[in-house]
Amino acid sequence: MVKACLSVNKILCKTLIGIYPDELLAPQEVEFGFSFEYNCEQAIAADSIKEAVDYAVLTEELKSFVSNSKFSLLETLATEIAKKILEFSPKIISVKIYCKKLNDLNPMVEICLKK
């Protein structure tokens, strides 16, 4: 099996996130990025996006999901994104994701999941 590790970073979008009432008054800007390992053997053999994991489509789906959701914890946001990535393609083996709130504290969390 040939495995590739693909990364996409610095994805920006807004979402409702927080535990304090003032945090939930308006969407906050968050940044996330991810890397995933996948079996790329068929993609290489065919040299075709049809056999690969289309990270552009995946990224747009993730941005839409985050923008249309509400989270209390940054850890929950990161875990839900990681789950979406694993569900996106049966070829994806594992995922690592980071999420950060772009505010005064700039808190960041990293989550790793495997199938």
message = Scan the range 45-63 and tell me whether some residue there is over 10 Å from the mean Cα position of the chain (by Cα) and assigned to a strand (DSSP E or B).
response = no
message = Can you find, within the range 72-115, the residue that is nearest to GLU23 (Cα to Cα) among those that are in a strand (DSSP E or B) and aliphatic (A, V, I, L, M)?
response = MET108
query = Within the bounds of the range 9-18, is there any residue that is surrounded by 16 or more Cβ atoms within 10 Å (Cβ to Cβ), outside any strand (DSSP E or B) and at pLDDT below 95?
reply = yes
message = Just to be sure I understand, how many residues within the range 64-91 are over 13 Å from the mean Cα position of the chain (by Cα) and farther than 23 Å from LEU25 by Cβ?
response = 3
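The values are calculated or read from the model by the stated rules, or taken from the named source; none is laboratory data. All figures in this text were calculated on a predicted structure; none of them were measured in a lab. Don't worry about glycine lacking a Cβ; one is built from the backbone with ideal geometry, like all the others, and counts go over all protein chains shown.
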